[in-house]
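The values are calculated or read from the model by the stated rules, or taken from the named source; none is laboratory data. What you see is a predicted model; the values in this text were computed from it and never measured. Using ideal geometry, Cβ is built from the backbone for each residue, glycine included, and neighbour counts are taken over all protein chains shown. Just so you know, the surface numbers come from the protein's heavy atoms only, side chains and all, with ligands and any DNA or RNA stripped out. Shrake-Rupley method; radii C 1.70, N 1.55, O 1.52, S 1.80 Å.
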Amino acid sequence: MSDQRESRAWGEDQVLEKWHEIGPLIDVLAQRADTPGEWRAAPGSSLAGDDRASAPYQVSHAVHQCLLAAIDHAHAVKRLVFDHQELHTSAPGSLSRGFIENAATAYWILHPSGRAERVARTLKWHVKNANDRSTALSNVPEIPPPRRPVGEQIQSMLDVARRARIEDQEYVRRGYRPSQPVEYADVHAGVLGVGVLFSWQICSGFAHGRPWASMGVLEREELPTADPGVVDMRLSNDFTRTLFPVLTGMHLMEAVLKLHRARSTATFTSR
(Lines give C-alpha, C1' and ligand atoms only; values in the text may rest on other atoms or scores of the structure.)
Protein backbone atom coordinates (compact mmCIF):
# COMPACT_ATOMS: atom_id res chain seq x y z
CA MET A 1 0.00 0.00 0.00
CA SER A 2 3.01 2.31 0.14
CA ASP A 3 2.42 3.23 -3.52
CA GLN A 4 -0.46 5.49 -2.47
CA ARG A 5 1.76 7.43 -0.08
CA GLU A 6 4.59 7.74 -2.60
CA SER A 7 2.45 8.45 -5.66
CA ARG A 8 2.66 12.22 -5.34
CA ALA A 9 6.21 12.00 -6.71
CA TRP A 10 5.31 9.72 -9.61
CA GLY A 11 5.90 10.78 -13.17
CA GLU A 12 3.36 10.40 -15.95
CA ASP A 13 4.70 6.99 -16.97
CA GLN A 14 4.37 5.65 -13.41
CA VAL A 15 0.83 7.00 -13.11
CA LEU A 16 -0.21 5.33 -16.35
CA GLU A 17 1.49 2.11 -15.23
CA LYS A 18 -0.57 2.17 -12.04
CA TRP A 19 -3.77 2.73 -14.05
CA HIS A 20 -2.81 -0.28 -16.20
CA GLU A 21 -2.36 -2.28 -12.98
CA ILE A 22 -5.62 -1.39 -11.25
CA GLY A 23 -7.81 -1.22 -14.36
CA PRO A 24 -7.96 -5.03 -14.82
CA LEU A 25 -8.47 -5.44 -11.06
CA ILE A 26 -11.55 -3.23 -11.24
CA ASP A 27 -12.80 -5.30 -14.19
CA VAL A 28 -12.40 -8.44 -12.06
CA LEU A 29 -14.40 -6.80 -9.27
CA ALA A 30 -17.14 -5.94 -11.77
CA GLN A 31 -17.21 -9.56 -12.96
CA ARG A 32 -17.46 -10.79 -9.40
CA ALA A 33 -20.29 -8.35 -8.72
CA ASP A 34 -22.17 -9.89 -11.66
CA THR A 35 -21.66 -13.46 -10.39
CA PRO A 36 -24.62 -14.90 -8.45
CA GLY A 37 -23.69 -16.11 -4.98
CA GLU A 38 -20.22 -14.56 -5.13
CA TRP A 39 -20.40 -13.09 -1.62
CA ARG A 40 -22.67 -15.67 0.01
CA ALA A 41 -22.30 -16.28 3.73
CA ALA A 42 -21.28 -19.94 4.11
CA PRO A 43 -23.31 -22.07 6.54
CA GLY A 44 -21.62 -22.10 9.92
CA SER A 45 -19.83 -18.81 9.30
CA SER A 46 -19.92 -15.78 11.54
CA LEU A 47 -21.79 -13.84 8.86
CA ALA A 48 -24.43 -16.57 8.56
CA GLY A 49 -24.97 -16.23 12.30
CA ASP A 50 -25.33 -12.48 11.84
CA ASP A 51 -27.98 -13.12 9.20
CA ARG A 52 -29.99 -15.31 11.52
CA ALA A 53 -29.85 -12.69 14.26
CA SER A 54 -30.83 -9.83 11.94
CA ALA A 55 -33.48 -11.49 9.73
CA PRO A 56 -35.28 -10.21 7.74
CA TYR A 57 -32.69 -7.40 7.61
CA GLN A 58 -29.73 -9.69 6.97
CA VAL A 59 -26.29 -8.26 7.58
CA SER A 60 -24.82 -9.96 4.51
CA HIS A 61 -27.50 -8.46 2.25
CA ALA A 62 -26.70 -4.92 3.38
CA VAL A 63 -22.99 -5.53 2.89
CA HIS A 64 -23.65 -7.02 -0.53
CA GLN A 65 -25.60 -3.94 -1.59
CA CYS A 66 -22.75 -1.69 -0.45
CA LEU A 67 -20.21 -3.79 -2.35
CA LEU A 68 -22.27 -3.66 -5.53
CA ALA A 69 -22.67 0.12 -5.31
CA ALA A 70 -18.97 0.64 -4.57
CA ILE A 71 -17.83 -1.54 -7.46
CA ASP A 72 -20.31 0.04 -9.87
CA HIS A 73 -18.87 3.48 -9.12
CA ALA A 74 -15.30 2.17 -9.40
CA HIS A 75 -16.00 0.55 -12.74
CA ALA A 76 -17.67 3.71 -14.04
CA VAL A 77 -14.70 5.95 -13.18
CA LYS A 78 -12.32 3.38 -14.65
CA ARG A 79 -14.32 3.26 -17.88
CA LEU A 80 -14.51 7.04 -18.07
CA VAL A 81 -10.92 7.91 -17.25
CA PHE A 82 -8.84 4.89 -18.25
CA ASP A 83 -10.78 3.21 -21.05
CA HIS A 84 -12.19 6.31 -22.78
CA GLN A 85 -9.67 8.86 -21.46
CA GLU A 86 -12.40 11.42 -20.79
CA LEU A 87 -10.87 13.69 -18.17
CA HIS A 88 -13.89 15.59 -16.88
CA THR A 89 -13.16 18.00 -14.06
CA SER A 90 -15.86 16.98 -11.54
CA ALA A 91 -17.33 13.62 -12.58
CA PRO A 92 -14.33 11.43 -11.61
CA GLY A 93 -14.48 12.88 -8.10
CA SER A 94 -18.21 12.26 -7.81
CA LEU A 95 -17.79 8.65 -8.93
CA SER A 96 -14.82 8.07 -6.63
CA ARG A 97 -16.86 9.47 -3.76
CA GLY A 98 -19.51 6.77 -4.35
CA PHE A 99 -16.77 4.16 -4.51
CA ILE A 100 -15.14 5.21 -1.22
CA GLU A 101 -18.37 5.87 0.70
CA ASN A 102 -20.00 2.54 -0.12
CA ALA A 103 -16.82 0.55 0.52
CA ALA A 104 -16.45 2.35 3.85
CA THR A 105 -20.05 1.53 4.77
CA ALA A 106 -19.48 -2.17 4.08
CA TYR A 107 -16.36 -2.02 6.24
CA TRP A 108 -18.20 -0.16 9.02
CA ILE A 109 -20.89 -2.85 9.15
CA LEU A 110 -18.52 -5.82 9.04
CA HIS A 111 -15.66 -4.67 11.23
CA PRO A 112 -16.97 -4.82 14.85
CA SER A 113 -15.93 -7.97 16.68
CA GLY A 114 -19.30 -8.40 18.40
CA ARG A 115 -22.39 -9.64 16.60
CA ALA A 116 -24.74 -7.24 18.38
CA GLU A 117 -22.89 -4.21 17.00
CA ARG A 118 -22.78 -5.64 13.47
CA VAL A 119 -26.53 -6.23 13.62
CA ALA A 120 -27.11 -2.78 15.11
CA ARG A 121 -25.18 -1.06 12.32
CA THR A 122 -27.07 -3.03 9.71
CA LEU A 123 -30.36 -1.95 11.27
CA LYS A 124 -29.14 1.66 11.37
CA TRP A 125 -28.40 1.32 7.64
CA HIS A 126 -31.97 0.13 7.04
CA VAL A 127 -33.40 2.94 9.20
CA LYS A 128 -31.51 5.47 7.09
CA ASN A 129 -32.83 3.83 3.93
CA ALA A 130 -36.42 3.88 5.19
CA ASN A 131 -36.24 7.52 6.26
CA ASP A 132 -34.62 8.64 3.01
CA ARG A 133 -37.22 6.80 0.97
CA SER A 134 -40.06 8.33 2.99
CA THR A 135 -38.64 11.83 2.54
CA ALA A 136 -38.20 11.41 -1.20
CA LEU A 137 -41.64 9.93 -1.84
CA SER A 138 -43.42 12.50 0.30
CA ASN A 139 -42.57 15.09 -2.34
CA VAL A 140 -44.01 13.03 -5.20
CA PRO A 141 -47.68 12.38 -4.44
CA GLU A 142 -48.15 10.63 -7.79
CA ILE A 143 -46.07 7.68 -6.54
CA PRO A 144 -47.99 5.29 -4.27
CA PRO A 145 -46.64 5.29 -0.70
CA PRO A 146 -44.86 2.21 0.66
CA ARG A 147 -47.07 -0.65 1.76
CA ARG A 148 -46.02 -0.03 5.36
CA PRO A 149 -45.61 3.50 6.81
CA VAL A 150 -42.05 4.42 7.70
CA GLY A 151 -42.84 4.31 11.42
CA GLU A 152 -44.06 0.74 11.11
CA GLN A 153 -40.97 -0.24 9.12
CA ILE A 154 -38.65 1.22 11.71
CA GLN A 155 -40.57 -0.45 14.52
CA SER A 156 -40.00 -3.81 12.85
CA MET A 157 -36.26 -3.02 12.85
CA LEU A 158 -36.42 -2.16 16.53
CA ASP A 159 -38.16 -5.50 17.16
CA VAL A 160 -35.22 -7.24 15.51
CA ALA A 161 -32.83 -5.18 17.65
CA ARG A 162 -34.63 -6.29 20.78
CA ARG A 163 -34.47 -9.96 19.74
CA ALA A 164 -30.76 -9.50 19.08
CA ARG A 165 -30.38 -8.16 22.64
CA ILE A 166 -29.42 -4.66 21.54
CA GLU A 167 -30.37 -2.65 24.59
CA ASP A 168 -30.07 0.88 23.17
CA GLN A 169 -33.08 1.13 20.88
CA GLU A 170 -32.49 4.85 20.29
CA TYR A 171 -29.04 4.03 18.93
CA VAL A 172 -30.70 2.03 16.16
CA ARG A 173 -33.56 4.48 15.65
CA ARG A 174 -31.17 7.40 14.95
CA GLY A 175 -29.76 5.75 11.82
CA TYR A 176 -26.40 7.18 10.83
CA ARG A 177 -24.68 10.03 9.00
CA PRO A 178 -23.17 9.10 5.60
CA SER A 179 -19.82 10.45 6.78
CA GLN A 180 -19.83 8.21 9.87
CA PRO A 181 -18.64 5.01 8.14
CA VAL A 182 -16.01 7.03 6.26
CA GLU A 183 -14.67 8.47 9.51
CA TYR A 184 -14.67 4.97 11.01
CA ALA A 185 -12.80 3.42 8.07
CA ASP A 186 -10.30 6.26 8.16
CA VAL A 187 -9.35 5.23 11.70
CA HIS A 188 -9.63 1.43 11.48
CA ALA A 189 -9.02 0.25 7.90
CA GLY A 190 -5.29 0.99 7.78
CA VAL A 191 -5.34 2.78 4.40
CA LEU A 192 -2.10 4.72 3.86
CA GLY A 193 -1.62 8.01 2.07
CA VAL A 194 -3.93 10.99 2.57
CA GLY A 195 -6.49 8.67 4.15
CA VAL A 196 -10.05 7.59 3.53
CA LEU A 197 -11.70 10.64 5.07
CA PHE A 198 -9.68 13.30 3.27
CA SER A 199 -10.03 11.52 -0.08
CA TRP A 200 -13.79 11.34 0.45
CA GLN A 201 -13.94 15.00 1.47
CA ILE A 202 -12.14 16.09 -1.69
CA CYS A 203 -14.44 13.94 -3.82
CA SER A 204 -17.48 15.34 -2.01
CA GLY A 205 -16.20 18.82 -2.81
CA PHE A 206 -16.25 17.94 -6.49
CA ALA A 207 -19.68 16.31 -6.23
CA HIS A 208 -21.12 19.48 -4.67
CA GLY A 209 -19.29 21.91 -6.96
CA ARG A 210 -17.23 23.40 -4.15
CA PRO A 211 -14.51 25.81 -5.35
CA TRP A 212 -12.12 24.73 -2.59
CA ALA A 213 -11.86 21.30 -4.18
CA SER A 214 -11.67 22.27 -7.83
CA MET A 215 -9.37 25.26 -7.29
CA GLY A 216 -7.19 23.32 -4.88
CA VAL A 217 -6.78 20.14 -6.91
CA LEU A 218 -7.15 20.86 -10.63
CA GLU A 219 -4.69 22.45 -13.03
CA ARG A 220 -5.53 26.15 -13.37
CA GLU A 221 -5.00 28.61 -16.20
CA GLU A 222 -5.96 32.25 -15.74
CA LEU A 223 -7.47 34.06 -18.72
CA PRO A 224 -7.90 37.84 -18.79
CA THR A 225 -11.32 39.44 -19.08
CA ALA A 226 -12.61 42.93 -19.85
CA ASP A 227 -13.56 43.39 -16.18
CA PRO A 228 -10.83 44.96 -14.03
CA GLY A 229 -9.62 42.61 -11.33
CA VAL A 230 -11.58 39.67 -12.75
CA VAL A 231 -10.09 36.69 -14.57
CA ASP A 232 -11.62 33.63 -16.13
CA MET A 233 -10.26 30.33 -14.93
CA ARG A 234 -9.76 27.28 -17.14
CA LEU A 235 -9.56 24.12 -15.03
CA SER A 236 -8.28 20.78 -16.30
CA ASN A 237 -7.85 17.29 -14.89
CA ASP A 238 -5.28 14.59 -15.58
CA PHE A 239 -4.54 10.92 -14.94
CA THR A 240 -2.56 11.68 -11.79
CA ARG A 241 -5.29 13.69 -10.08
CA THR A 242 -7.97 11.13 -10.93
CA LEU A 243 -5.81 8.24 -9.72
CA PHE A 244 -5.44 9.20 -6.05
CA PRO A 245 -9.04 8.71 -4.83
CA VAL A 246 -9.41 5.53 -6.89
CA LEU A 247 -6.32 4.13 -5.19
CA THR A 248 -7.84 5.01 -1.82
CA GLY A 249 -10.99 3.13 -2.80
CA MET A 250 -9.03 0.12 -4.05
CA HIS A 251 -7.02 -0.20 -0.84
CA LEU A 252 -10.20 0.18 1.19
CA MET A 253 -11.92 -2.46 -0.95
CA GLU A 254 -8.99 -4.78 -0.31
CA ALA A 255 -9.57 -4.37 3.43
CA VAL A 256 -13.33 -4.92 3.04
CA LEU A 257 -12.97 -8.10 1.00
CA LYS A 258 -10.36 -9.53 3.38
CA LEU A 259 -12.72 -8.90 6.28
CA HIS A 260 -15.66 -10.33 4.35
CA ARG A 261 -13.74 -13.53 3.59
CA ALA A 262 -13.03 -13.96 7.29
CA ARG A 263 -16.62 -13.31 8.33
CA SER A 264 -18.23 -15.43 5.60
CA THR A 265 -16.19 -18.64 5.95
CA ALA A 266 -17.10 -21.38 8.38
CA THR A 267 -13.64 -21.36 9.98
CA PHE A 268 -14.04 -17.88 11.45
CA THR A 269 -15.32 -17.70 15.01
CA SER A 270 -16.88 -14.67 16.62
CA ARG A 271 -19.62 -13.73 19.01
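For the pair LEU68 and ASP83, the difference between a 0.36 nm per residue extended length and the Cα-Cα distance amounts to 3.4 nm. Stretching VAL230 away from ALA136 to a fully extended chain increases their span by 29.8 nm, per 0.36 nm per residue minus the current alpha-carbon distance. Dividing the Cα radius of gyration of the chain by 2.2 N^0.38 Å, with N the residue count, gives 1.13. The loop-placed trypsin sites (Lys or Arg not before Pro) in segment 12-52, going by DSSP, that have at most 15 neighbouring Cβ atoms within 10 Å of their Cβ come out as ARG40. Between segment 91-151 and segment 37-56, the alpha-carbon centres lie 19 Å apart. The GluC sites (Glu not before Pro) found in segment 32-111 that occupy coil by DSSP, while having at most 15 further C-beta atoms within 10 Å, are GLU38, GLU86. Rank HIS111, HIS75, HIS188 by mean-square fluctuation in a GNM of the chain with C-alpha springs under 10 angstrom and give only the top-ranked residue. Largest GNM mean-square fluctuation: HIS188.
Prolate is the label for segment 180-250, because the ratio a/c of its alpha-carbon gyration tensor axes (a ≥ b ≥ c) is 1.5 or higher and a/b is greater than b/c.
Taken about its Cα centre, segment 80-132 carries a charge dipole of roughly 420 debye when the Cβ of each Lys and Arg holds +1 and the Cβ of each Asp and Glu holds -1. Count Lys and Arg as plus one, Asp and Glu as minus one, and take only other residues whose Cβ is under 11 Å from that of TRP200; the net charge is then -2.
Helical content alone sets the calculated 222 nm signal of the chain at -21000 deg cm²/dmol, taking -39,500 (n - 2.57) per DSSP H segment of four or more residues and averaging over every residue. For segment 102-113, 3J(HN,Hα) computed residue by residue from phi via the Karplus equation (6.51, -1.76, 1.60; θ = phi - 60°) reads 6, 5, 5, 5, 4, 5, 4, 6, 7, 6, x, 6 Hz, glycine and proline entered as x.
By the gyration tensor of its Cα atoms, with a ≥ b ≥ c the square roots of the eigenvalues, what is the shape of segment 66-164: rounded for a/c under 1.5, prolate for a/b over b/c, or oblate? It is oblate, given that a/c is not under 1.5 and a/b is not larger than b/c.
Using the Cα gyration tensor of segment 65-111, with a ≥ b ≥ c the square roots of its eigenvalues, what is the shape: rounded (a/c below 1.5), prolate (a/b larger than b/c) or oblate (neither)? Note, shape of segment 65-111 comes out prolate. For segment 136-185, the Kirkwood hydrodynamic radius from C-alpha pairs, put into Stokes-Einstein at 37 °C and a viscosity of 0.692 mPa s, yields a diffusion coefficient of 249 µm² per second. Using a probe of 1.4 angstrom and keeping all protein chains present, the accessible surface of the chain works out to 52 square angstrom per residue.
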